[in-house]
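**Q** Can you keep this structure in mind? I'll have questions shortly.
The values are calculated or read from the model by the stated rules, or taken from the named source; none is laboratory data. Here the structure is a predicted model, which means the values were calculated and not measured. Note that we place each Cβ from the backbone using ideal geometry, even for glycine, and neighbour counts take in every protein chain shown.
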Amino acid sequence: MSVLLPYKFDTAFTYAADEPLAPGTLVRVPLGSRVVVGAVWDDAPDMAVKVKPIAGVYAVPPLPETTRKFIDWVAGYTLARRGDVLALGLKEQLLVAPPKRAKQFAFGGADPALPGPVLSPAQEAAATALCASVWAQKFEVTLLDGVTGSGKTEVYLEAVAEALRLGRQVMVLLPEIALSIQVLERFAARFGTAPAVWHSELTPAHRRETYRAVAEGRADVVVGARSALFLPFPKLGLIVVDEEHETAFKQEDGVMYNARDMAVVRAKFCACPVVLVSATPSLESVENAAQGRYRKLDLPSRHGGASLPKTHAIDLRQAPPERGKFLSPRLLAAMRETLERGEQAMLFLNRRGYAPLTLCRKCGHRIACPHCSAWLVEHRSHARLICHHCGHTIPKPVQCPSCEAENSFVPIGPGVERIAEEVAEAFPDTGALVMASDIIVGPAQAAEAARRINAREVGIIIGTQMVAKGWHFPLLTLVGVVDADLGLAGGDLRASEHTVQMLHQVAGRAGRAGAPGQVLLQTFAPEHPVIAALLSGDLQEFLAQEAAQRRPGHWPPFGRLAALIISATDERMADQAARDLARAAPRGQGIQVLGPAPAPIALLRGRFRRRLLLKTTREIAVQPLLRDWLARVEVPRVVRVDVDIDPVSFM
Ligand SMILES: Nc1ncnc2c1ncn2[C@@H]1O[C@H](COP(=O)(O)OP(=O)(O)OP(=O)(O)O)[C@@H](O)[C@H]1O
Ligand SMILES: [Zn+2]
């Protein structure tokens, strides 16, 4: 009998059992001197080896065949070891039996018969189409593309209700579930009970109970982060990926997978529909819809007659802020008017901390991280300088290590904390709230932030990307983007696309209820295509331009891309390995290898990093090329080669 272990092995091991066990059965098996968890797998056992007996069987339902096939497929696609993929959903701690007296708590019981809102004709049409797919129980991908505030959530909740009526389970993936308190509340309101949740901040006991409830089919609606994909649903009937364009769906370490794409694969194995939802869909999904691979449903207007916010640029070359400040007079005036009307304003700056750079004003020395090619970022809330890549932190130095001047360090540029300081000076009587991932940590704090905003204790919200998505604050009518040009620099393939998506999403928080919204973009480049797209609101035209730029060079989604990241603590070894790999690179029609080049973050956590990119035309699969390539080059053990299929980040 072969058993796959959730550790760094690609192959399943062979064990003996007294009686045959069904594939997927979760077992305890000896491994060296330990006893570990494993899953009976579908591979043929290796008869040549002397086998040990299994040590025990867990009283948990076996991993369904759809889950096992999915795990094998993800490993094959991402070039990860199968054991590492299995480990994304199976951990020993999850299987510990619950204490005898533990209360069978609250899973399932979502009631699809409770009434939803009365849908508009456009919403109704989309909901009916989705419900028909759910009812048919066959694989189909739908892109639900609707403007911000058009009621996409209400529409997919109807599809969830349909799956529940059929007795099926539903998986809803959200990019940042720990912060998605408002979405969870809407599920609870719609179905009379809170959904099961799955994310990294659950307590071990909560995880264990949730795992069991999913495996036993008791958890009917699971709202989760990307790792929910690997839960052992026995009767999955619908997958929803909300905010499908979000880069947070890409796991960047360990098994590098894109949960949006893998959700489509998961649905295929389960023969169920999958719905990708966004107001700013990715070029990938738009192209898939254009090619007829995905069905597209549109919601062209906001619910209840609310209009989309008007967007204007503030040209900082003509109307700069006061010296040493970051908010222009026009933005400050708009904030004042908004507050006077009893409405709320939001300032967006995608930079945590107080200042991104700290510099000695005597000698120009900048404080960098010793382990990364990055500056340390000052966080006044923590009274420290912090590396955003590795977490290295020091108190702000009193003396410059370079010229020994005292108290000579000055902050350069703004982070959200510095904007909050400026807001406090300009609006001393208005409650302000900073929302950033190091300040609002976890679901409880997110809920408290939402409560304070809704209770009007807060007039001005200052936030990073955390505030961009999903939130619905009825009184919020003004969004000010402090630095709309941030994110455009750098050669990232999708820099423009991602900037448009993020800024359009944050703009979409304004004017969602009665009062009209307005968006002000502070920029030095109002003529830039990204800013122009935001001003016109014509995202289709923008994506068409993006497509026209990417198509000729076979850049995704018009070709395939994989990255090799070569890293070592010794810079020369990283260079040597990168050169060796480059020399052995695959060649041929439709294949191109770029690099090696130092990665944009050339030093990360003490490792020097080099990158190679493999780009092919669409009809060429990159996995066999990569397998063959990596097998032909011997790389010293101390050099790590990470393979990133469909890279999202180019850092
Ligand atoms: N038919 C309806 N009846 C009553 N309220 C509705 C209806 N449709 C939408 N709403 C309300 O309008 C608001 C916006 O809807 P929803 O959040 O579903 O939009 P969305 O398209 O998911 O937004 P976004 O992409 O900006 O997050 C919500 O408060 C929602 O409850
Ligand atoms: Zn660092």
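**Q** Scan the range 113-129 and tell me whether some residue there is modelled with pLDDT under 95, more than 15 Å from ligand 1 (Cβ to nearest atom) and out of contact with any Lys or Arg (no Cβ under 7 Å at 6 or more places or on another chain).
**A** yes
**Q** Give the range 294-313 a look and list any residue that's within 30 Å of K268 (Cα to Cα) and of a type in the set (K, R), or say none.
**A** Restricting attention to the range 294-313, the residues satisfying the condition of being within 30 Å of K268 (Cα to Cα) are 294-300.
Residues satisfying the conditions are R295, K296.
**Q** Name every residue in the range 199-218 that is at pLDDT below 95 and either among the polar types (S, T, N, Q) or surrounded by 24 or more Cβ atoms within 10 Å (Cβ to Cβ) (or both), in order of residue number.
**A** S200, T203
**Q** Show the residue pairs meeting these rules: Cβ distance below 9 Å; 6+ apart or different chains; first residue within the range 304-321 and assigned to a helix (DSSP H, G or I); second residue surrounded by 15 or more Cβ atoms within 10 Å (Cβ to Cβ) and among the hydroxyl-bearing types (S, T, Y).
**A** Sorted first by the residue in the range 304-321, then by its partner, the pairs are G304/S120.
**Q** Go through the range 466-499 residue by residue and tally those that are in a loop (DSSP other than H, G, I, E, B) and free of Cβ contacts under 8 Å to residues at least 60 places away in the same chain. Give the steps one after another, and end with the answer.
**A** Filtering the range 466-499 for residues in a loop (DSSP other than H, G, I, E, B) gives 468-475, 482-494.
Then drop every residue that is not free of Cβ contacts under 8 Å to residues at least 60 places away in the same chain, which leaves 474, 485, 488-489.
Of the residues in that region, 4 qualify.
**Q** What about I440, is it of a type in the set (V, I, T) and within 16 Å of ligand 2 (Cβ to nearest atom)? Break it down into steps so the answer makes sense when it comes.
**A** Details: of a type in the set (V, I, T): yes; within 16 Å of ligand 2 (Cβ to nearest atom): no.
When the stated conditions are applied, I440 does not pass them.
**Q** Condition first: over 27 Å from the mean Cα position of the chain (by Cα) and either of a type in the set (S, T, N, Q) or within 16 Å of ligand 2 (Cβ to nearest atom) (or both). Now tell me which residues in the range 292-314 satisfy that. Give the steps one after another, and end with the answer.
**A** At the first step, the residues of the range 292-314 found to be over 27 Å from the mean Cα position of the chain (by Cα) are 304-307, 310, 312-314.
Correct list: S307 only.
**Q** If you go through the range 597-651 one residue at a time, how many are buried (at least 18 other Cβ atoms within 10 Å of the Cβ) and of a type outside the set (A, V, I, L, M, F, W, C)?
**A** Of the residues in that region, 9 qualify.
**Q** Something else now. Check off (1) under 16 Å from the mean Cα position of the chain (by Cα); (2) at pLDDT 90 or above for V221 and give me the number that stays unchecked.
**A** (1)
**Q** Limited to the range 268-278, what total is found for residues that are small (G, A, S) and surrounded by fewer than 23 Cβ atoms within 10 Å (Cβ to Cβ)?
**A** Initially, the range 268-278 is screened for residues small (G, A, S), giving 271, 278.
Okay, now just the ones that are also surrounded by fewer than 23 Cβ atoms within 10 Å (Cβ to Cβ), so 271.
Total satisfying the criteria: 1.
**Q** Mind listing just one residue for me: the one in the range 502-532 that is assigned to a helix (DSSP H, G or I) and more than 21 Å from Q318 (Cα to Cα) and, of those, nearest to ligand 1 (Cβ to nearest atom)? Spell out the reasoning first.
**A** First, the residues of the range 502-532 that are assigned to a helix (DSSP H, G or I): 502-507, 529-532.
In the following step, the residues that additionally are more than 21 Å from Q318 (Cα to Cα) were identified as 502-507.
On the way: M502: 13, L503: 14, H504: 10, Q505: 7, V506: 10, A507: 10 Å.
Across the range 502-532, the extreme among qualifying residues is Q505.
**Q** Next question, about the same structure. Quick one: which of L493, L520, L488, L475 is under 30 Å from G553 (Cα atoms) and in contact with a strand residue (DSSP E or B) (Cβ under 9 Å, 6 or more places away or on another chain)? If you could, list the steps in order and put the result at the bottom.
**A** Numbers: L520 fails: under 30 Å from G553 (Cα atoms); L488 fails: in contact with a strand residue (DSSP E or B) (Cβ under 9 Å, 6 or more places away or on another chain); L475 fails: under 30 Å from G553 (Cα atoms).
Just one listed residue meets the conditions, L493.
**Q** I would also like to ask the following. Anything in the range 233-254 that is away from ligand 2 (no atom under 16 Å from the Cβ), surrounded by fewer than 20 Cβ atoms within 10 Å (Cβ to Cβ) and within 24 Å of D642 (Cβ to Cβ)? List them, or say none. Break it down into steps so the answer makes sense when it comes.
**A** Kept after step one, since they are away from ligand 2 (no atom under 16 Å from the Cβ), are these residues of the range 233-254: 233-251, 254.
If we keep only those that are surrounded by fewer than 20 Cβ atoms within 10 Å (Cβ to Cβ) too, we end up with 234-235, 247-248, 250-251, 254.
Result: T247, A248, K250, Q251, G254.
**Q** While we're here: Quick check on my filter: what residues within the range 230-256 are outside any loop (DSSP other than H, G, I, E, B), touching a strand residue (DSSP E or B) at 6+ places or on another chain (Cβ under 7 Å) and not β-branched (V, I, T)?
**A** Our first condition is that a residue be outside any loop (DSSP other than H, G, I, E, B); within the range 230-256, this holds for 230, 236-242, 247-250.
With touching a strand residue (DSSP E or B) at 6+ places or on another chain (Cβ under 7 Å) added as a condition, the list becomes 236-242, 249-250.
Scanning the range 230-256 gives L236, G237, L238, D242, F249, K250.
**Q** Would you be able to tell me the number of residues in the range 339-393 that are farther than 27 Å from N454 by Cβ, away from ligand 2 (no atom under 16 Å from the Cβ) and touching a Lys or Arg at 6+ places or on another chain (Cβ under 7 Å)?
**A** So the answer is 3.
**Q** Given A113, A97, A75, A80, which one is closer than 22 Å to A225 by Cβ and in a loop (DSSP other than H, G, I, E, B)? Break it down stepwise before answering.
**A** Values: A113 fails: closer than 22 Å to A225 by Cβ; A97 fails: closer than 22 Å to A225 by Cβ; A75 fails: in a loop (DSSP other than H, G, I, E, B).
Step by step, each of A113, A97, A75, A80 is checked, and only A80 is closer than 22 Å to A225 by Cβ and in a loop (DSSP other than H, G, I, E, B).
**Q** Of these, A178, A161, A189, which one is farther than 17 Å from G508 by Cα, more than 16 Å from ligand 1 (Cβ to nearest atom) and hydrophobic (A, V, I, L, M, F, W, C)? Break it down into steps so the answer makes sense when it comes.
**A** On the way: A161 fails: more than 16 Å from ligand 1 (Cβ to nearest atom); A189 fails: more than 16 Å from ligand 1 (Cβ to nearest atom).
Exactly one of A178, A161, A189 is farther than 17 Å from G508 by Cα, more than 16 Å from ligand 1 (Cβ to nearest atom) and hydrophobic (A, V, I, L, M, F, W, C), namely A178.
**Q** Take the range 289-323 and flag every residue that is within 16 Å of ligand 1 (Cβ to nearest atom) and polar (S, T, N, Q). Full working, then the answer.
**A** Let us first name the residues in the range 289-323 that are within 16 Å of ligand 1 (Cβ to nearest atom), namely 296-309, 311.
Within the range 289-323, S301, S307, T311 meet the criteria.
**Q** Taking the condition of being over 23 Å from G590 (Cα atoms) and assigned to a loop (DSSP other than H, G, I, E, B), how many residues in the range 610-651 meet it?
**A** Number satisfying all stated conditions: 8.
**Q** Here is a further query. Return yes when G463 is small (G, A, S), buried (at least 21 other Cβ atoms within 10 Å of the Cβ) and in contact (Cβ under 8 Å) with a residue 60 or more places away in the chain and no when it is not. Spell out how you get there, then give the answer.
**A** Numbers: small (G, A, S): yes; buried (at least 21 other Cβ atoms within 10 Å of the Cβ): yes; in contact (Cβ under 8 Å) with a residue 60 or more places away in the chain: yes.
Yes.
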